[in-house]
Amino acid sequence: LTGYYFDFAPDRWTEALEIESDRMKGLRLDPHEVEHERQVIVEEIAMSESDPWDALETAVTSAFYRPHPYGHPVLGTREDLAAIGRDELAAFHRRFYGPEHAVLVIGGDVGEEAIGLAERFLGGLEGGKGLIRMPPPGREPKGGLERIVRRRGEVARLLLVLPAPPATHPDHAILQLLIAVLADGRASRLHRTLVDEGQMAAWISADVGEMLEAGHAMFAAELVPDVKPEAFEAELLGALATLCREGV
């Protein structure tokens, strides 16, 4: 998903439509700019690899989803970038960046004529081969607990990833509520028991992914010095078990 955002005055907002129309039909892909952007992404990959949290999350989610596409880093890999040239980029743009794959959202004092203007600028653009839906291949949830240990950084970090339903599943909203009860703010259960009272972690957070297919719930914590990761893990898993057993 790619999002383009414009913030214009009401008397000139149609410039955004001109820009989007040109973006869809006038891809240039200057070789110098392509190579420059490739190097920018390579540098971003290096920065991500040098950041303890980013590197840990990449390793954990990759192991959790492998070989599903969800486990592929958003930035890609150096090998991916080396294999992508102008022709590959142009083909991808033709396939996915046409009007049939675009959603236009307009907000503000633009008047009822906005729809007609959008049709004037965008309605005549040549599309591709119709709407392309590419659901990722199905995957079977893994059983058991797989551990990944990384010796990097000066403090102990823990990242726990558990299976979660897709965003379209009725249980997704319930899981979001449970995540909030567990780790949203200082009054949450895990913050109170593991940070304030237990003094085992400097902080703890949790989130649930919004995926088209089965995704994950993630718990992250930075441990205080001298706290053994296995002890913290036991407390965290115990808190989750209590919630499952007793409810809220």
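Test S62 against the criterion of being open to solvent by 50 Å² or more (accessible area, probe 1.4 Å) and among the small types (G, A, S), and give yes or no. Reasoning before the result, please.
Details: open to solvent by 50 Å² or more (accessible area, probe 1.4 Å): no; among the small types (G, A, S): yes.
Considered against the rule, which asks whether it is open to solvent by 50 Å² or more (accessible area, probe 1.4 Å) and among the small types (G, A, S), S62 comes out as no.
Being in a loop (DSSP other than H, G, I, E, B), within 22 Å of L81 (Cβ to Cβ), modelled with pLDDT of 90 or more and touching a helix residue (DSSP H, G or I) at 6+ places or on another chain (Cβ under 7 Å) is the filter here, so list the residues in the stretch 1-60 that pass it.
Once the filter is applied, which keeps residues that are in a loop (DSSP other than H, G, I, E, B), within 22 Å of L81 (Cβ to Cβ), modelled with pLDDT of 90 or more and touching a helix residue (DSSP H, G or I) at 6+ places or on another chain (Cβ under 7 Å), the stretch 1-60 yields only L29.
Take the stretch 199-223 and flag every residue that is surrounded by fewer than 16 Cβ atoms within 10 Å (Cβ to Cβ) and either more than 19 Å from the chain's Cα centre (by Cα) or in contact (Cβ under 8 Å) with a residue 40 or more places away in the chain (or both).
Q199, A202, W203, E210, L212
For the stretch 153-193: of the residues being hydrophobic (A, V, I, L, M, F, W, C) and in a strand (DSSP E or B), which is most open to solvent (accessible area, probe 1.4 Å)?
Only one residue tops the list, namely L162.
Take D80 and decide whether it is over 22 Å from R151 (Cβ atoms) and either within 22 Å of the chain's Cα centre (by Cα) or surrounded by 13 or more Cβ atoms within 10 Å (Cβ to Cβ) (or both).
yes
Among (1) in contact (Cβ under 8 Å) with a residue 60 or more places away in the chain; (2) of a type outside the set (F, W, Y); (3) closer than 30 Å to F121 by Cα, there is one condition G26 misses while meeting the rest; what is its number?
That leaves (1) as the condition not met.
Could we say that F92 is more than 30 Å from L159 (Cβ to Cβ), open to solvent by 50 Å² or more (accessible area, probe 1.4 Å), modelled with pLDDT of 90 or more and not charged (D, E, K, R) here?
no
Quick one: P67 ticks every box in (1) in a helix (DSSP H, G or I); (2) open to solvent by 80 Å² or more (accessible area, probe 1.4 Å) bar one, so which box is it?
(1)
So how many residues does the stretch 138-157 have that are among the charged types (D, E, K, R) and modelled with pLDDT under 75?
3
The values are calculated or read from the model by the stated rules, or taken from the named source; none is laboratory data. Predicted, not measured: the structure shown is a model, and the values here were computed from it. Positions of Cβ are backbone-derived with ideal geometry, glycine not excepted, and every protein chain shown enters the neighbour counts. Remember, those area values only see protein heavy atoms, side chains included, never the ligands or the DNA or RNA. Shrake-Rupley method; radii C 1.70, N 1.55, O 1.52, S 1.80 Å.
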